[in-house]
Amino acid sequence: MFDYEAAFSRNIGWVTESEQSKLRKARVAIGGLGGVGGVHLLTLARLGVGRFNIADFDVFDIVNFNRQVGATMETLNQPKIDVLAGMARQINPDLELTCFSNGIQGDSLEEFLCDVDLYVDGLDFFAFSARRLTFAACERKGIPVITAAPLGLGVAVVLFGPGGMSFDDYFGFEGCDETEMAIRFLVGLSPAMLQRGYVADMSRINLADRRGPSSIAACQLCAGVAAVETLKLLLGRGGVKLAPWGSQFDAYRMLYKKTWRPGGYKNPLQVVMRALVRRQLQLTAKVV
């Protein structure tokens, strides 16, 4: 017989019993259950969060094996949302899970965000349309958003919410083609660009073709950091810095940087960094 208090009793000490009860009643929405989204769900389930709205339309493929927690030989070609929902219920059979198997869609976005306390971004890096749609809806509803991105062998974190910059003001996607959006998203997520110094094969990075390397190490780091920010936000602990603040931890270089970019994409440092990234991509394309 499942016992919630016993299952999550080892959380007590880092949280109080009353705070654990609050996590049990909280509802978190997660869009995308791939590299980071799937491990976000399982990590937050182990934290004791009791209610989730989850969205994903994809199935597991063998190319997911290097980083996605639900990807195994047994789950090939199975819907990610079904596999991850089953894994989460193995952790907590009493979970309230509302599943959106068509992914994030405009006509179901209101339902997806209904009664949600927090949104955790697990969408594919290149899902710009769905991401803008979701972030805008969260802004209208006053729902905090956590984006923890697996960049290099580390994690870059930017939080959005009441009192901080909006997603569009920070990244500046308006009027951009997809390649430029990818550059602005990359630089906005990691202004310090700590991952630049150790790329082993630049030919594997092609933003125009929506292609880049990935690692389970980075995805696991994202889940840990996002879980801590989730805890602070849901429990009102404070100490949360919203955009234009950001942070990046690179495990390969063992470096941690906090960044502050007032003006978001218009900040002169961001403008310079985007130019450097464009230059690097152009040089790589010529070599390849």
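The values are calculated or read from the model by the stated rules, or taken from the named source; none is laboratory data. All of these numbers come straight from a predicted model, not from anything done at the bench. Cβ: placed from backbone, ideal geometry, glycine included. Neighbour counts: every protein chain shown.
For every residue, the table says whether it meets (1) buried (at least 22 other Cβ atoms within 10 Å of the Cβ); (2) free of Cβ contacts under 8 Å to residues at least 12 places away in the same chain; (3) at positive phi.
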residue	(1), (2), (3)
Arg24	no, no, no
Phe65	no, yes, no
Ala71	yes, yes, no
Gln90	no, yes, no
Open item on the list: Which of the numbered conditions does Gly35 fail, given that it passes all the others? Conditions: (1) part of a helix (DSSP H, G or I); (2) small (Gly, Ala, Ser); (3) in contact (Cβ under 8 Å) with a residue 60 or more places away in the chain.
Closed with: (1)
Task: Among residues of region 192-212, those that are modelled with pLDDT under 90 and assigned to a loop (DSSP other than H, G, I, E, B), counted - done: 9
Task: Matching residues in region 143-172 - criterion: being under 23 Å from Tyr198 (Cα atoms) and of a type in the set (A, V, I, L, M, F, W, C) - done: Ala148, Ala149, Leu151, Leu153, Val155, Ala156, Val157, Val158
TODO: Give the residues of region 45-68 that are hydrophobic (A, V, I, L, M, F, W, C) and either out of contact with any Cys (no Cβ under 7 Å at 6 or more places or on another chain) or more than 15 Å from Ala85 (Cβ to Cβ) (or both), sorted by residue number.
DONE: Ala45, Leu47, Val49, Phe52, Ala55, Phe57, Val59, Phe60, Ile62, Val63, Phe65
TODO: Within region 32-43, identify whether any single residue is over 14 Å from the mean Cα position of the chain (by Cα) and among the β-branched types (Val, Ile, Thr), and answer yes or no.
DONE: no
Task: Pairs where the first residue, in region 189-206, is touching a residue at least 60 places away in the same chain (Cβ under 8 Å) and the second is among the β-branched types (Val, Ile, Thr) and loosely packed, with under 15 Cβ neighbours inside 10 Å, C-beta under 8 Å, 6+ apart - done: Met202/Val287; Ser203/Val287; Ser203/Val288
- [ ] Give the residues of region 141-195 that are crowded, with 20+ Cβ neighbours inside 10 Å, among the polar types (S, T, N, Q) and within 23 Å of Val28 (Cβ to Cβ), sorted by residue number.
- [x] Thr147
Open item on the list: From the list Ala227, Ala243, exactly one residue is in a loop (DSSP other than H, G, I, E, B) and either in contact (Cβ under 8 Å) with a residue 24 or more places away in the chain or of a type outside the set (Asp, Glu) (or both). Which is it?
Closed with: Ala243
TODO: Assess whether Ile30 counts as being buried (at least 22 other Cβ atoms within 10 Å of the Cβ), out of contact with any Ser or Thr (no Cβ under 9 Å at 6 or more places or on another chain) and more than 15 Å from Asp94 (Cα to Cα).
DONE: yes
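Surrounded by 18 or more Cβ atoms within 10 Å (Cβ to Cβ), more than 23 Å from Arg24 (Cβ to Cβ) and in contact with a helix residue (DSSP H, G or I) (Cβ under 8 Å, 6 or more places away or on another chain), is that true of Leu207?
Values: surrounded by 18 or more Cβ atoms within 10 Å (Cβ to Cβ): yes; more than 23 Å from Arg24 (Cβ to Cβ): yes; in contact with a helix residue (DSSP H, G or I) (Cβ under 8 Å, 6 or more places away or on another chain): yes.
Yes; evaluated as a whole, the condition is true for this residue.
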